[in-house]
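Here is the structure we will look at, set down as structure tokens.
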């Protein structure tokens, strides 16, 4: 089963006196690219969190936002007394100059920038284990979204490959008549410009064999069939990340289609080639979203 690279997951849970919130959004990307926003309490665990995200998501452009709310009296804060004293000294001087009462100035001082701030303590190992459960829950929701979208992608991609195989089968039907027609056209041109009696049949046979080998598309058709079958095998395989393999394989399928078109010299076969290219381009667009 294919998985998409896009998805969203959110989990929020209150454990004891802390409320953990995790939001994760993933989009397509060539590698694993992470934008992680953590509160100061979790900074020491950043490396572990990054490892969990990469292990669970594998590939894509990921934005992860984490917050921790500490409820009630348990919320630790620090009052910067030195800063308050510095503010008060300046306010006292200004108040004396303007003859203003400073008796009720404390409440205003506490609202000034950086006077009151959260403490720099970190959460303990037990709290971090609780947080990991919330993180895994958000990632599980995101991966469920990836699987749902991946099912749609798989259905579409298999349909594209089936359409390419249908056109390849049509080319097999057209191929015998193509060789006969090309041979008849060459004979006709030689008869018109050289004359039937002046043709060296032995040399003519050698040149025809060389030319027919040069424009033969049998090997391209065999490889195209093999690539399409391998594409199906990869999709139904057990690997989690398949997008890169499938993308490389689509390049090989495109190479065989292009070579078939350049050797065809047949209007009906060219029509089949154009249809295959159309299906291939649509498949390439979809494969960009596959994990």
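Within the range 265-291, the set of residues being touching a residue at least 40 places away in the same chain (Cβ under 8 Å) and over 23 Å from residue 4 (Cβ atoms) comprises 265, 266, 268, 269, 272, 273, 275, 276.
In the set (1) over 26 Å from residue 239 (Cα atoms); (2) touching a helix residue (DSSP H, G or I) at 6+ places or on another chain (Cβ under 8 Å), the condition left unmet by residue 44 is number (2). With respect to being closer than 18 Å to residue 241 by Cα and in contact with a helix residue (DSSP H, G or I) (Cβ under 8 Å, 6 or more places away or on another chain), residue 4 fits the description.
Note on the range 225-251: residues that are in a helix (DSSP H, G or I) and closer than 20 Å to residue 57 by Cα total 7.
When you look at residue 282, is it under 24 Å from residue 59 (Cα atoms) and buried (at least 20 other Cβ atoms within 10 Å of the Cβ), yes or no? When the stated conditions are applied, residue 282 does not pass them.
For the range 13-31, a tally of residues being surrounded by fewer than 16 Cβ atoms within 10 Å (Cβ to Cβ) and modelled with pLDDT under 90 returns 9. Candidates are the residues of the range 241-264 that are free of Cβ contacts under 8 Å to residues at least 24 places away in the same chain, closer than 30 Å to residue 32 by Cα and touching a helix residue (DSSP H, G or I) at 6+ places or on another chain (Cβ under 7 Å); the one that is surrounded by the most Cβ atoms within 10 Å (Cβ to Cβ) is 249. Taking the conditions exactly as written (touching a strand residue (DSSP E or B) at 6+ places or on another chain (Cβ under 9 Å) and either outside the structural domain of residue 172 (by TED's automatic domain parsing) or surrounded by 13 or more Cβ atoms within 10 Å (Cβ to Cβ) (or both)), does residue 273 satisfy them or not? So residue 273 fails the test. Is it true that residue 233 is in the same structural domain as residue 181 (by TED's automatic domain parsing), out of contact with any helix residue (DSSP H, G or I) (no Cβ under 8 Å at 6 or more places or on another chain), more than 30 Å from residue 215 (Cβ to Cβ) and modelled with pLDDT of 90 or more? Answer is yes for this residue.
The values are calculated or read from the model by the stated rules, or taken from the named source; none is laboratory data. Bear in mind that the values here come from a model prediction, so they are computed numbers and not experimental data. All Cβ positions, even for glycine, are placed from backbone atoms using ideal geometry, and neighbour counts span all protein chains on display.
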